[in-house]
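The values are calculated or read from the model by the stated rules, or taken from the named source; none is laboratory data. Remember, predicted model here, so these are calculated numbers, not experimental data. Cβ: placed from backbone, ideal geometry, glycine included. Neighbour counts: every protein chain shown. When the accessible area is computed, the model is the full protein with side chains, heavy atoms only, and any ligands, DNA or RNA have been set aside. Shrake-Rupley method; radii C 1.70, N 1.55, O 1.52, S 1.80 Å.
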Amino acid sequence: MRAMVLSAPGKPLQMEEREDPVPGNGEILVKIGACGVCRTDLHVIDSELPDVRYPIIPGHEIVGRIDLMGVDVTGHQIGDRVGIPWLGYTCGVCRYCQLGVENLCDRPLFTGYTRDGGFATHTIADARYAFPLGETGDDVSTAPLLCAGLIGWRSLIMAGNVERLGIYGFGAAGHIVAQIAVWQGRSVFAFTRAGDVAAQDFARQLGAVWAGTSDQSPPAALDAAIIYAPAGELVPMALRAVRKGGRVVCAGIHMSDIPSFPYRLLWEERRLLSVANLTRQDGIDFFKIVPQARIHIRTTALPLSEANDAIAMLRTGRLLGAAVLQP
Ligand SMILES: [Zn+2]
Ligand SMILES: [Zn+2]
């Protein structure tokens with residue numbers, strides 16, 4: 001197999017040849033068709049998350065086919081098309097697993113962070129955490145669903161069943177969630193960084209009723225807002241934009257510090273929440289919605305060897321939609 005490997009914090013990824021891995025008990029070997037590049041990969045590369053396991057192969061939006069299966073794999077067949085998400089393993093016995101919130105497991109493994117991921121030709125996954133994908137959609141446009149879509153979905157649920165929804169940061173997750181929210185009959189208000197007219201036009205094309213910059217006030221108070229951009233200064237801005245009792249959901253795994261803000265922005269029962277990881281049930285629910293909502297994913301596909309370019313493009317915001325690597 002070949003893989004783009006991160007050997008130390010902040011280093012460029014390097015192509016390595018390795019022996020093809022052999023799946024152990026309960027594991028599958030997946031030949032990768034496409035793997036999306038997510039902002040979380042930048043946080044792993046920049047060592048903004050604790051306890052990265054070096055050397056690590058990043059990537060947690062994997063679409064591929066099962067090439068080999070270890071013993072004790074149920075529910076999958078050789079040749080099946082599967083998706084491998086961020087949640088790679090949970091312990092099943094901790095308090096959170098027992099409570100049905102495996103996204104908060106005390107001893108989890110995460111794909112492309114604490115176990116090897118999808119910037120590669122092949123990967124090993126715990127079969128229980130791989131989603132069957134069927135044959136709908138091509139690999140490139142399906143890959144971003146595995147994190148941008150899934151975490152986006154979980155954050156949309158957290159935002160509540162509300163009408164006026166603000167989306168701060170209109171990248172991979174934002175453009176997927178906007179389409180689901182519009183399909184559900186909600187009014188979407190899209191907030192981008194200053195001067196990003198392309199993203200604002202893109203949001204309007206996807207059905208947003210309003211698009212502007214993050215420091216602007218929307219034309220009507222929002223019922224809820226979801227923040228996808230990793231910028232802490234958006235938190236007080238979003239709190240300012242939501243109505244009494246409204247929610248602000250932080251959907252990223254990492255954010256720059258939140259500046260201090262007057263208590264009156266939180267007052268009147270506004271709520272500030274974060275979303276962590278995903279559960280397998282989120283995936284089951286989300287992949288039922290995808291064909292119904294007819295989501296169109298905007299992607300920029302690059303060969304696996306150009307992973308560093310894809311990362312640089314994502315870092316500077318020079319992308320509409322999602323970057324995807326193809327081995
Ligand atoms: Zn657990
Ligand atoms: Zn991700």
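Pull out a ≥ b ≥ c, the square roots of the eigenvalues of the alpha-carbon gyration tensor of region 231-327, then state rounded if a/c is under 1.5, prolate if not and a/b is larger than b/c, and oblate in the remaining case.
On the way: a/c = 2.66, a/b = 1.56, b/c = 1.71.
The shape class here is oblate.
May I ask for the distance between the Cα centers of region 1-20 and region 146-187, given as a whole number of Å?
Comparing the Cα centres of region 1-20 and region 146-187, I get a distance of 33 Å.
Just from its helices, what would the mean residue ellipticity at 222 nm be for the chain, if runs of 4 or more DSSP H residues each count -39500 (n - 2.57) and the sum is divided by every residue, rounded to the nearest 500 deg cm²/dmol?
Values: 9 runs with 79 residues, N = 327.
The helix-only estimate for the chain comes to -6500 deg cm²/dmol at 222 nm.
GluC sites (Glu not before Pro) within region 217-276: which are DSSP loop residues with at most 11 other Cβ atoms inside 10 Å?
Values: sites: GLU233, GLU268, GLU269; in loops: GLU233, GLU268, GLU269.
Sparse-neighbourhood loop GluC sites (Glu not before Pro): GLU268, GLU269.
Compute the accessible area per residue over the chain, keeping the other protein chains in place, probe 1.4 Å, unit Å². Let's see the in-between values first.
Details: 14160 Å² over 327 residues.
That works out to 43 Å² for each residue.
Per the Kirkwood formula on distinct C-alpha pairs, the Rh of region 192-271 is how many angstrom?
Taking the inverse mean of 1/r over all distinct Cα pairs, region 192-271 comes out at 13.3 Å.
So how much slack lies between ALA221 and VAL197, counting 0.36 nm per residue of separation and subtracting their Cα-Cα distance, in nm? It would help to have the intermediate numbers written out before the result.
Numbers: separation 24, 0.36 × 24 = 8.64 nm, distance 2.24 nm.
Roughly 6.4 nm would be gained on extension.
Helix 172-183 versus the longest principal axis of the chain: what angle, 0 to 90°, nearest 10, using Cα atoms?
60 degrees
Which of VAL248, VAL101, VAL52 ends up with the largest GNM mean-square fluctuation for the chain, with Cα atoms connected below 10 Å?
VAL101
May I ask for the distance between the Cα centers of region 48-100 and region 101-125, given as a whole number of Å?
5 Å
At ARG53 and THR300, where each label point lies 7 Å from the Cα along Cα→Cβ, what is the point-to-point distance in nanometres?
For ARG53 paired with THR300, the spin-label model returns 3.2 nm.
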